[in-house]
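What follows is a short report on a single structure.
The values are calculated or read from the model by the stated rules, or taken from the named source; none is laboratory data. All figures in this text were calculated on a predicted structure; none of them were measured in a lab. As a convention, Cβ positions derive from the backbone with ideal geometry for all residues, glycine included, and neighbour counts pool all protein chains shown.
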Amino acid sequence: MIVPFVSAHFASWPLLILGLLFFSPHETMASSFSSHNKSSPSTSASTPRIVELAAKISSSVVQLQHQLEVKGTPTPSFSEDQPESLPADVADLKNAVLDATAELHELLLDPLMLLFKFAGVCFILLLLLLFLPLPLPHEEKN
């Protein structure tokens, strides 16, 4: 019977809620909207968001490259002798580049593709919660 199976797995509803909060398109679009509203006063109101993002990516990459040169760390590449990660003190610059490129990517996607991108993560989480055997809180393991 499917009802006890589904209800037993929804005992882990906090995981489902957390998954929907962290991986929902609303959260991502809301965060990009709020970051757009927090732009510096020197940015004109007529500058398109994609131009702002491209400028932010460009300036952050230049700063990142400068910091890597100062530290003697090679530029990220796909070569075999590449270090596994960048130094920890350039994490803010790396995150600025990654955040701006992700937002630019999302802005340039067609609306349907954007829905597929984020709905896929929520759907996978839902499938995992439904079909992954999770013990109920009152069950004891022997």
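Say whether the condition of being among the charged types (D, E, K, R) and either outside any loop (DSSP other than H, G, I, E, B) or at pLDDT 90 or above (or both) is met by at least one residue in region 36-55.
yes
Within the set of pairs 6+ apart or on separate chains, which have a first residue in region 62-81 that is modelled with pLDDT of 95 or more, a second that is of a type in the set (Lys, Arg), and C-beta atoms under 7 Å apart?
Correct list of pairs: Leu64/Lys94.
Quick one: how many residues across region 82-114 are modelled with pLDDT under 90, assigned to a helix (DSSP H, G or I) and of a type outside the set (A, V, I, L, M, F, W, C)?
1
Of the residues that make up region 124-134, is at least one of a type outside the set (A, V, I, L, M) and surrounded by 12 or more Cβ atoms within 10 Å (Cβ to Cβ)?
No, region 124-134 contains no residue that is of a type outside the set (A, V, I, L, M) and surrounded by 12 or more Cβ atoms within 10 Å (Cβ to Cβ).
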